[in-house]
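Trainee: First, the structure itself, so that you have it in front of you.
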Amino acid sequence: MRLASSALMALTLATTLAACGDDGDAEGSADGTTTVTVATFNEFGYEGLIEEWNSSHDDIKIEQVKVGTWDDAKANLYTKLAAGSGLSDIEAIEGDAMPAILAEGGAFEDLTDSELEGRWLDWVAEKATNADGQMIGYATDIGPEGICYRADLFKKAGLPTDREEVAGLMGTWDDYFATGEKFIEEVPGTAWYDSSGGLAQAMLNQVENPFETDDNTVDVENPELQAVYDTVTGNIAKGLSTKLTQWSDDWTASFQKDGFATMACPGWMLGVVEGNAEGVEGWDFANVFPGGGGNWGGSFLTVPAQGDNIEEAKEVANWLTDPEQQIKAFEAKNTFPSQPEAYEAEAIKTATNEFFNDAPVGQILVERAEAVTVQPYKGPKYSDILQAFQAAIIRVDDGSQDPDKSWEQFLSDVEALG
Amino acid sequence: MPQDLKPSGGDTRTVSPPLPPPATAGPPRSAWRQRLNRLDVRLSPYLYISPFFVLFLLVGMFPLAYTAWVSVHDWSLIGGKGDFVGLENFREVLDNPYFGKQLVNTVSIFLLSSGPQVVIAVTLAALLDTHLRARTWWRMSILLPFVVSPVAVAIIFGSLYGDRYGLINELIGHLGISPIQWHTDRFASHVAIASMVNWRWTGYNALIFLAAMQAVPRDLYESASIDGAGRVRQFFSITLPMIRPTMVFVIITSTIGGLQIFAEPRLFDQTATHSGGSDRQFGTITMLVYDFGWQLRDLGRASATAWLLFLVICAFAIVNYLLIRRLGALGEES
């Protein structure tokens with residue numbers, strides 16, 4: 001009977017669709033092994049570590065889920081947090097986003113473990129601890145900043161090329177910019193630093209309350225932020241900046257075209273420079289940072305509460321952020337450990353980098369980390385406001401607005417964050 | 001070769017349809033059967049098409065209605081539903097200076113892409129509808145860009161349209177023309193994005209047009225030739241009027257697609273926010289939806305924006321419909 005068969009067909013289809021809704025995929029497989037997935041972005045240097053773990057453990061296997069940038073990882077993270085499922089057992093979080101994550105109470109597991117006390121630098125551990133005193137993330141690396149520079153271009157401009165002497169040239173921001181003005185006079189067509197956005201970020205990392213007061217009130221009209229903005233946009237007119245957007249195609253290409261002479265380099269940036277400037281000779285790394293030390297970035301491993309293998313995930317996150325493992329990650333990708341115990345290790349003390357004229361990168365980064373005195377306060381809206389701030393600088397950089405108008409728009413963008 | 005449905009010449013027998021079996025059952029049963037039969041005839045078609053509508057209700061209507069529900073609430077991406085706020089979200093979106101700007105961008109990019117696209121696609125199809133050597137090869141190769149993923153397209157065009165070291169600016173630099181700021185100049189950025197869309201979709205539309213053109217009876221062209229009409233005259237007087245229904249289909253689908261453009265402008269933007277340039281020079285409405293929902297984590301405003309886009313698309317569809325009806329009427333007159 002046609003009527004009956006078509007009715008049946010419709011019914012089958014409807015129930016099939018309904019059934020699609022709840023296919024919970026339990027990870028525990030038939031042979032008793034548990035797979036713990038670890039989601040990372042950029043380069044964490046974990047490939048070798050994961051191999052090492054998997055060859056020595058039968059009960060738990062680690063599987064890495066890698067994406068290109070934190071932007072992509074963030075979009076994925078928020079979407080799946082909202083959906084309540086689909087995240088990896090361990091999710092890496094970029095440091096600047098940690099305050100916003102800490103504000104999402106309950107979505108992440110408490111990883112507090114008395115045995116791990118003292119593993120991390122105090123201010124790093126603090127960044128991962130919420131208002132209730134629970135540690136939500138295990139820190140992987142930090143980003144103590146030095147200055148990467150082109151010794152060959154320095155020579156052309158009649159500046160010293162030795163990394164000790166270069167360090168002496170740029171102890172303060174004023175010295176740094178003055179040297180830059182001298183440089184662009186001698187080598188026209190080449191900028192002094194890579195991007196206004198990168199410089200702004202470096203300077204912001206030395207401001208105690210860039211966007212928010214200690215009680216999380218948004219305050220972007222403070223004199224210190226204004227000073228950073230005025231300095232950065234003022235330098236654009238002087239020609240110190242490339243006027244390029246950091247991470248854009250043009251920015252990447254400028255490494256190959258003598259686009260600029262210096263840039264702020266956190267440890268993890270060394271690998272980026274080496275990749276972008278492949279084949280360019282003359283790069284070096286100076287043990288200095290204008291205006292004192294500065295930390296840029298560093299990430300955390302978190303365990304989302306929605307996962308199926310929470311206990312195993314905690315164990316893996318603990319192991320991956322152990323000093324011993326982080327030293328190996330440093331050797332792989334120059335991600336500088338956030339664990340003070342690692343700084344004593346020979347592997348770090350003696351690490352040199354061939355691309356940067358055999359600079360003792362390990363020793364320099366240890367000293368750069370010790371020079372960090374100010375940790376900016378970052379509230380839950382920090383990374384959102386930072387994006388708006390970067391956009392404001394780009395508008396001046398690319399000539400679409402003058403500094404005052406762009407600042408006005410920044411204020412209204414911050415307003416719209418709600 | 002399609003099966004010839006006429007009986008072959010030699011076979012002249014006529015087969016009479018089988019007689020219905022004599023009714024043996026009593027009158028009440030037969031009446032019931034008849035009723036059921038009538039019901040069957042009347043209802044079955046609806047049941048046959050019902051899977052589509054069940055699917056449509058589930059994956060089409062439900063999200064639409066749910067989005068409307070979300071749009072009248074405070075709704076955080078992670079925190080979920082908050083208070084009922086009425087039309088507050090809509091008011092906020094309409095007050096947002098970016099909404100007007102991005103609506104203009106969307107329409108501008110849509111016009112720059114759909115207009116040239118249809119003209120080029122029809123021309124290409126007309127050229128392919130001739131007796132070329134290796135016809136299939138030519139026809140398939142224009143579909144090639146469609147196979148390339150938008151992400152790859154964005155990478156290729158990103159290096160073409162680099163503001164400083166891009167291929168186009170290097171080339172025009174040799175001619176002494178100052179570089180074009182593809183990511184800053186509003187109109188230039190629209191042209192760049194439209195070129196990506198056109199590159200990808202022109203071949204696809206050309207193949208649809210080609211299929212329509214091949215259905216045009218060849219004897220029309222033959223009689224036109226006998227009457228002395230040249231190829232160009234034939235194209236305008238026979239081909240174009242004959243493929244009008246296909247034209248309508250392509251224009252409507254490209255309107256919907258064009259107004260929802262997202263991937264190309266988002267990938268074209270290389271600032272950290274990916275919201276369409278430093279001053280939203282090429283941000284579109286769907287990017288604003290994304291911006292509200294995923295950057296600001298405010299699903300209420302995102303849903304309100306999505307609904308406003310829905311209304312805009314409806315408005316465009318009505319205008320299109322009226323235009324096409326007018327064109328149709330004109331066609332009948334001539």
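The values are calculated or read from the model by the stated rules, or taken from the named source; none is laboratory data. Model, not experiment: these values are computed from the prediction. Every residue, glycine among them, receives a Cβ derived from its backbone with ideal geometry; neighbour counts consider all protein chains shown. Protein only, heavy atoms only, side chains kept; ligands, DNA and RNA dropped before computing areas. Shrake-Rupley method; radii C 1.70, N 1.55, O 1.52, S 1.80 Å.
Trainee: Which of the residues in the range B:270-306 lose at least 30 Å² of accessible area when you go from the chain alone to all protein chains together (probe 1.4 Å)?
Mentor: B:Q270, B:T271, B:A272, B:T273, B:S278, B:D279, B:W294, B:Q295, B:L296, B:R297, B:R301
Trainee: Checking the table A:K155/A:K238; A:K155/A:K349; A:K66/A:K314; A:K127/A:K405; A:K238/A:K349 against a 31 Å threshold on Cα-Cα, which pairs fail?
Mentor: Cα-Cα > 31 Å for A:K127/A:K405; A:K238/A:K349; rest within.
Trainee: Further question: Can you tell me the relative contact order of chain A? Whole percent, Cα pairs under 8 Å, sequence separation 6 or more.
Mentor: Normalised by residue count, the contact order of chain A is 25 percent.
Trainee: Right, another one. Per residue, what accessible area does the range A:261-405 have, given a 1.4 Å probe and all protein chains present, in Å²?
Mentor: Each residue of the range A:261-405 exposes 34 Å² on average to a 1.4 Å probe.
Trainee: How many square angstrom of accessible surface are buried between A and B, both sides summed, with a 1.4 Å probe and rounding to 100?
Mentor: The buried area between A and B, both sides summed, comes to about 3500 Å².
Trainee: Can you compute the FRET efficiency between A:E208 and B:V232 using 1/(1 + (r/R0)^6), with r the Cβ-Cβ distance and R0 = 51 Å? Round to the nearest 0.05.
Mentor: That pair, A:E208 with B:V232, gives E of 0.10.
Trainee: Find how much the distance from A:A305 to A:D59 grows on full extension, using 0.36 nm per residue of separation minus their present alpha carbon separation; answer in nm with one decimal.
Mentor: 86.4 nm
Trainee: At 20 Å minimum axial length over the Cα atoms and a Kyte-Doolittle cut of 0.5, report the qualifying DSSP H helices in chain B, or say none.
Mentor: Span-like helices, by this rule, are B:97-128, B:186-214, B:244-259, B:299-333.
Trainee: Full extension from A:N216 to A:W247: what is 0.36 nm times the residue separation minus their Cα-Cα distance, to one decimal in nm?
Mentor: 8.2 nm
Trainee: While we're looking at this one, here's another question. Which longest run of chain A has no exposed loop site in it, a site being GluC sites (Glu not before Pro) in a DSSP loop with at most 13 other beta carbons within 10 Å, and the site itself not part of the run?
Mentor: Counting at most 13 other Cβ atoms within 10 Å as exposed, the longest clean stretch of chain A is A:1-116.
Trainee: OK, next. Whole number in Å², please: accessible area per residue of the range B:65-182, 1.4 Å probe, ligands, DNA and RNA not counted.
Mentor: Value for the range B:65-182: 56 Å² per residue.
Trainee: A further question on this structure: Mind giving me the nanometre distance, one decimal, between the label points for B:L322 and B:L43, set 7 Å out from Cα along Cα→Cβ?
Mentor: Going by the 7 Å Cα→Cβ label model, 4.3 nm.
Trainee: Another one. If you take the alpha carbon radius of gyration of the protein assembly as shown and divide it by 2.2 N^0.38 Å, what ratio comes out, to two decimals?
Mentor: 1.19
Trainee: Could you look at the protein assembly as shown and say what percent of its accessible area is carbon and sulfur, using a 1.4 Å probe and all protein chains?
Mentor: With neighbouring chains kept in place, the figure for the protein assembly as shown is 59 percent.
Trainee: Right, next: Any chance you could run the full-extension gain for B:M61 through B:W138? It's 0.36 nm times the residue separation minus the Cα-Cα distance, nm to one decimal.
Mentor: Between B:M61 and B:W138, full extension yields an extra 23.6 nm.
Trainee: Then there is this: Given a Förster distance of 56 Å, report the FRET efficiency between A:A131 and B:T253 from their Cβ-Cβ distance, rounded to the nearest 0.05.
Mentor: About 0.60, to the nearest 0.05.
Trainee: Using a Cα-Cα cut-off of under 18 Å, which lysines could be cross-linked to B:K81, ignoring same-chain neighbours fewer than 8 residues away?
Mentor: A:K80
Trainee: If r is the Cβ-Cβ distance from A:D110 to B:L36 and R0 is 45 Å, what FRET efficiency results, to the nearest 0.05?
Mentor: The value I calculate is 0.10.
Trainee: Comparing the chain by itself with all protein chains present, which residues of the range B:171-205 are at least 20 Å² less accessible (probe 1.4 Å)?
Mentor: SASA drop of 20 Å² or more in the range B:171-205: B:T184.
Trainee: Find the relative contact order for chain B and round it to a whole percent, using C-alpha pairs within less than 8 Å whose residues are 6+ positions apart.
Mentor: After rounding, I find 24 percent.
Trainee: Sticking with this one: In deg cm²/dmol and to the nearest 500, what is the mean residue ellipticity at 222 nm of the protein assembly as shown if only DSSP H runs of at least 4 residues count, each as -39500 (n - 2.57), divided by the residue total?
Mentor: Computed mean residue ellipticity for the protein assembly as shown: -16500 deg cm²/dmol.
Trainee: Please give the per residue accessible area of the range A:170-224, computed with a probe of 1.4 Å over protein heavy atoms only, in Å².
Mentor: 42
Trainee: Let me ask something else. For the charge dipole of the protein assembly as shown, defined by +1 on Lys and Arg C-beta atoms and -1 on Asp and Glu C-beta atoms about the Cα centroid, which residue among B:A317, A:Y176, A:I394 has the Cα displaced farthest towards the positive pole?
Mentor: B:A317
Trainee: Quick one: net charge of B:G86's neighbours, Cβ under 14 Å, K/R +1, D/E -1?
Mentor: Net local charge, B:G86 excluded: -2.
Trainee: Also: For the protein assembly as shown, what is the percent of antiparallel DSSP beta bridges, rounded to the nearest 5?
Mentor: Looking only at bridges with both residues in the protein assembly as shown, the antiparallel portion is about 70 percent.
Trainee: Right, another one. Modelled label-to-label distance, B:L171 and A:E331, 7 Å Cα→beta-carbon offset: nm?
Mentor: Output for this residue pair reads 5.0 nm.
Trainee: Here's another thing I want to ask about it. Which net charge results when you count Lys and Arg as +1 and Asp and Glu as -1 among the other residues whose beta-carbon is under 15 Å from that of B:Q234?
Mentor: That sum, taken over residues with Cβ under 15 Å, equals -1.
Trainee: Any idea which of A:A329, A:S241, A:V316 is furthest toward the positive side of the dipole for chain A, if Lys and Arg beta-carbons carry +1 and Asp and Glu beta-carbons -1?
Mentor: Toward the positive end, the furthest listed residue is A:S241.
Trainee: Under 19 Å Cα to Cα from A:K74, which aspartates and glutamates show up? Leave out anything in the same chain fewer than 8 places away.
Mentor: A:E43, A:D89, A:E91, A:E94, A:D96, A:E104, A:E109, A:D141, A:D384, B:D269, B:D291, B:D298
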